[in-house]
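**Q** Quick one: the structure is below, questions incoming.
The values are calculated or read from the model by the stated rules, or taken from the named source; none is laboratory data. Source: prediction; values computed, not measured. So basically every Cβ, Gly included, is an ideal-geometry build from the backbone, and we count neighbours across all protein chains shown. Quick note on the areas: whole protein, heavy atoms, side chains included, nothing else; ligands and nucleic acids left out. Shrake-Rupley method; radii C 1.70, N 1.55, O 1.52, S 1.80 Å.
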Amino acid sequence: MKGKNLRMTRQRQRILEVLRSTTSHPTADWVYEQVRREIPDISLGTVYRNLKVLKESGEIMELNYGSTFSRYDGNPVNHYHFQCEECGRIYDLDLPVQEELNRAASQSSGFHVTHHRLEFYGTCRACLAGNGRE
Ligand code: ZN
Ligand code: MN
C-alpha cells in the first residue's frame with residue numbers, strides 16, 4: 001500500500017514536470033507519450049486521473065476548446081491564450097488579465113463576478129510567415 005502511494009506520487013510528479021517543461025499546451029495523449037518514456041507501464045487512464053487531481057488541486061489548468069480535446073497548461077495562474085485557426089497551436093498572450101472586466105460585469109449584472117475567461121483567435125506569426133505547419 002505504501003509502495004502504491006509512492007508510485008502514484010512519482011507518476012503525478014512526472015506528469016507535472018512534463019507539463020511545466022512545455023509552453024505548447026499539450027493534450028493528455030501527448031503528456032502520456034512523454035511520461036511513458038520514463039514510466040513505460042503507465043496507462044492513459046492513469047494520466048487522465050492524475051491530470052484531474054492536479055487540476056482540482058490548482059497545480060495545472062485545463063483548457064477547453066469546444067468539441068476538440070482538452071489541452072493542459074502547467075501554469076495555473078490566470079492568463080490569456082491565443083489559438084491559431086490555421087495550425088491549431090495555442091500560445092500564451094503577454095497581456096495582463098483585465099481585472100476591470102470583473103468589476104464591469106459585476107456592476108452591470110449585480111452578480112459577484114470573481115474571474116473571467118477570454119479566448120483570442122486568429123493567425124499566428126508562423127502561419128502568417130507561411131511556415132506554420134511543419
Ligand atoms: Zn499558426
Ligand atoms: Mn498558457
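**Q** Can you find a residue that is over 12 Å from the mean Cα position of the chain (by Cα) and under 17 Å from Phe120 (Cβ atoms) anywhere in the stretch 44-54?
**A** No - not one qualifying residue is present in the stretch 44-54.
**Q** A further question on this structure: Out of curiosity, is Ser21 within 15 Å of Glu59 (Cα to Cα), modelled with pLDDT of 95 or more and open to solvent by 20 Å² or more (accessible area, probe 1.4 Å)?
**A** The answer is yes for Ser21.
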